[in-house]
Amino acid sequence: MCQFIETIRIENGQIYNLPYHNQRFNDTRAQFFKVSQSIDLADFIKIQTPREVEKNSDKIKCRVLYSHSVKEITYAPYLLHPIHTLKLINCNEISYSYKSVDRSLLSKLHTQRGEADDILIIKNGLLTDTSIANIALFDGTHWYTPSAPLLKGTQRASLLEKEILFEKPLTIDTLYSFQQIALFNAMIPFGEICLPVNQTRISF
């Protein structure tokens, strides 16, 4: 049976982007398990996480494992691993539209990063995501995020709704015309990782 995950940030007693996690969680359940009754993850998540977790980190990673229903919820301190460089990797076969437990192809691609900190995946000539994050590119005026990412992240959905980001097909040919690249996901707030776009930071 397929299993899926939601990774949710809890910080200072607040659950971030929960409506977007609920939407994706219930959409996935409906798609794969034909479940029509929605579940609110707020009924399962503990705001006050275990003491042994709280004392080690202000930011908590809440991992919800599920199939047709919630199977397990775990909590762990979240520590950001610095990302300063990206390696461009081509893979036209990759598909990760749903946040599945099976990340085998992503993990395999990640091993090809060489000395870079992470990879930036190109599919059919279009920029998509890194192995762990959605991306956005800054042209000096606006931030643009790929219109065809591997995974439509929850923070991405929130930023698009607020018109902080705008969708656009982003080709590899136009990458170096942008000034900055931002990496973000449910655990990494937008703006926390921003790199200059040049061949020193992002290269084949």
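At a glance:
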{"read-out": "Antiparallel bridge percentage (DSSP; both residues within the chain; nearest 5)", "value": "75"}
{"read-out": "Alpha-carbon radius of gyration plus Dmax, which is the widest Cα pair, for the chain in Å", "value": "17.2, 50"}
{"read-out": "Difference of contour (0.36 nm per residue) and Cα-Cα distance, residue 147 to residue 179", "value": "9.6 nm"}
{"read-out": "Share of carbon and sulfur in the accessible heavy-atom surface of the chain [1.4 Å probe, %]", "value": "48"}
{"read-out": "Listed peptides 175-184, 87-96 by packing density, highest first (mean Cβ within 10 Å)", "value": "175-184, 87-96"}
{"read-out": "Label-point separation in nm, residue 166 to residue 31, each point 7 Å along Cα→Cβ", "value": "2.7"}
{"read-out": "Calculated FRET value between residue 96 and residue 200, using beta carbons and R₀ = 41 Å, to 0.05", "value": "0.90"}
{"read-out": "Karplus-derived 3J(HN,Hα), 6.51/-1.76/1.60, for each residue of segment 191-204, Hz, glycine and proline x", "value": "x, 6, 10, 10, 10, x, 8, 7, 6, 6, 8, 10, 8, 6"}
{"read-out": "Ordering of 162-172, 13-23 by burial proxy (mean other Cβ atoms within 10 Å per residue, highest first)", "value": "13-23, 162-172"}
{"read-out": "Set of lysines with alpha-carbon distance to residue 123 below 22 Å, sequence-local pairs under 8 removed", "value": "87, 99, 108, 152, 168"}
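The values are calculated or read from the model by the stated rules, or taken from the named source; none is laboratory data. None of the values given here were measured: they were computed from a predicted structure. For neighbour counting, all protein chains shown are included, and Cβ atoms are generated from backbone atoms with ideal geometry for every residue, glycine included. We work out accessible area using only protein heavy atoms, side chains counted, and drop any ligands, DNA or RNA first. Shrake-Rupley method; radii C 1.70, N 1.55, O 1.52, S 1.80 Å.
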